[in-house]
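> Have a look at the structure that comes next, please.
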Amino acid sequence: MVLHRRKVVLVTGASSGIGRATALRLAAAGHPVVLGARRIDRLEMLVSEIEEAGGTATAVPLDVSDLASVQGFAAAALAHFGRIDVLVANAGVMPLSPLAAGLVDEWDRMIDVNVRGLLHSIAATLPTMLDQGVGHVVTIASVGAYDVSPTAAVYCGTKFAARAITEGLRQESPRGIRVTTVSPGVTESELASTISDASAAAAMVVYRAESISADAIARAVSYAVAERPDVDINEIVVRPAAQR
Ligand code: NDP
């Protein structure tokens with residue numbers, strides 16, 4: 001489906017999982033996509049895949065925990081395509097563990113990527129959207145933005161924060177700026193691969209037995225992006241039908 005207008009879409013964390021699927025889907029809909037993540041080799045392969053399918057994409061190395069890197073990502077998008085219509089703030093990490101394990105470095109990493117990374121992404125793109133008078137920020141939060149579970153205290157804290165920040169942005173934004181939170185349940189991706197705590201990793205094998213494809217989340221993002229300019233889809237929660 002080709003939409004009314006091509007929108008320049010920036011996707012953070014586009015090298016795997018939900019970000020990758022979202023970039024593929026939005027590029028297939030005719031939107032130029034700017035792909036950011038640390039694994040630039042993965043992004044370059046994704047650019048080739050999108051271009052071979054007739055789409056337009058560019059890859060930019062990005063570490064969302066570093067404000068200068070995020071500003072460079074936004075500047076590269078402007079240099080390539082002249083505007084920023086949609087930010088998909090998707091980059092995230094989830095090294096789960098019980099608080100008693102005291103894995104402070106992993107707590108810091110979740111806060112740096114999931115919270116500070118989101119704030120950096122908003123800071124780097126919102127001024128351009130405000131200048132344009134139109135824009136759309138889509139944050140990928142989580143079902144963990146609604147409920148806390150054991151081993152996920154810090155992760156859920158970062159996702160509660162992501163949802164709160166996104167809702168605050170919605171309330172503060174002029175009517176041309178649309179703001180959406182998309183909250184996935186268990187979704188196929190590499191997200192659980194960085195869990196170093198053995199008990200949390202074992203629990204995740206059971207919890208993640210039923211999952212939906214990353215494209216299910218990409219479809220939700222695509223739906224919000226494709227809505228008419230006077231319609232702002234505020235929140236979408238997408239779970240596997242089997243997940244309670
Ligand atoms: P993946 O691990 O597959 O993807 C995470 C992405 O984030 C990768 O592209 C990774 O790229 C990127 N990333 C991590 N750290 C940084 C960083 N410092 N700077 C830039 N990019 C970074 O997991 P998902 O696709 O599942 O995760 C996407 C989002 O969805 C996350 O916010 C996650 O919390 C959320 N989510 C996922 C769920 C699931 O079940 N899969 C459920 C609920 C929410 P690279 O390593 O190359 O930098």
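The values are calculated or read from the model by the stated rules, or taken from the named source; none is laboratory data. What you see is a predicted model; the values in this text were computed from it and never measured. A quick note on method: Cβ atoms are made from the backbone with ideal geometry, for glycine too, and the neighbour counts reach across all protein chains shown. To get the accessible areas, we keep the full protein, side chains included, count just its heavy atoms, and leave off ligands, DNA and RNA. Shrake-Rupley method; radii C 1.70, N 1.55, O 1.52, S 1.80 Å.
> Quick one: would you say residue 147 is surrounded by fewer than 17 Cβ atoms within 10 Å (Cβ to Cβ) and away from the ligand (no atom under 13 Å from the Cβ)?
no
> Quick check on my filter: what residues within the stretch 190-222 are under 25 Å from residue 101 (Cα atoms) and either surrounded by 15 or more Cβ atoms within 10 Å (Cβ to Cβ) or touching a Gly at 6+ places or on another chain (Cβ under 7 Å) (or both)?
Of everything in the stretch 190-222, those that are under 25 Å from residue 101 (Cα atoms) and either surrounded by 15 or more Cβ atoms within 10 Å (Cβ to Cβ) or touching a Gly at 6+ places or on another chain (Cβ under 7 Å) (or both) turn out to be 190, 191, 192, 195, 197, 200, 201, 203, 204, 207, 208.
> Right, next: Could you list, in sequence order, the residues of the stretch 234-244 that are surrounded by fewer than 16 Cβ atoms within 10 Å (Cβ to Cβ) and under 18 Å from residue 148 (Cα atoms)?
Scanning the stretch 234-244 gives 237, 243, 244.
> Inside the stretch 23-76, can you point out the residues that are under 19 Å from residue 136 (Cα atoms) and among the basic types (Lys, Arg)?
The one that is under 19 Å from residue 136 (Cα atoms) and among the basic types (Lys, Arg): 25.
> I need the full set of residues from the stretch 205-233 which are closer than 17 Å to residue 144 by Cα and not aliphatic (A, V, I, L, M), in order please.
Once the filter is applied, which keeps residues that are closer than 17 Å to residue 144 by Cα and not aliphatic (A, V, I, L, M), the stretch 205-233 yields 207, 208, 210, 211.
> While we're here: What pairs can you find where one residue is in the stretch 21-47 and farther than 12 Å from residue 88 by Cα, the other is among the polar types (S, T, N, Q) and not in a loop (DSSP other than H, G, I, E, B), and their Cβ atoms are less than 8 Å apart, with a gap of 6+ or different chains?
So the pair list comes out as 25/222; 29/222; 32/58; 37/12; 47/58.
> Can you run down the residue pairs with Cβ atoms below 8 Å, 6 or more apart or on separate chains, where the first is in the stretch 108-129 and closer than 13 Å to residue 11 by Cα and the partner is acidic (Asp, Glu) and open to solvent by 20 Å² or more (accessible area, probe 1.4 Å)?
Between residues of the stretch 108-129 that are closer than 13 Å to residue 11 by Cα and residues that are acidic (Asp, Glu) and open to solvent by 20 Å² or more (accessible area, probe 1.4 Å), there is no close pair.
> May I ask you to list the residues in the stretch 22-44 that are out of contact with any strand residue (DSSP E or B) (no Cβ under 9 Å at 6 or more places or on another chain) and hydrophobic (A, V, I, L, M, F, W, C)?
Of everything in the stretch 22-44, those that are out of contact with any strand residue (DSSP E or B) (no Cβ under 9 Å at 6 or more places or on another chain) and hydrophobic (A, V, I, L, M, F, W, C) turn out to be 28, 29.
> Could you list all residues from the stretch 67-105 that are of a type in the set (Ser, Thr, Tyr) and in contact with a Pro (Cβ under 9 Å, 6 or more places away or on another chain)?
69 - this is the single residue of the stretch 67-105 that is of a type in the set (Ser, Thr, Tyr) and in contact with a Pro (Cβ under 9 Å, 6 or more places away or on another chain).
> Consider residue 167 carefully, then state whether it is surrounded by fewer than 19 Cβ atoms within 10 Å (Cβ to Cβ), under 28 Å from residue 32 (Cβ atoms) and over 14 Å from the mean Cα position of the chain (by Cα).
no
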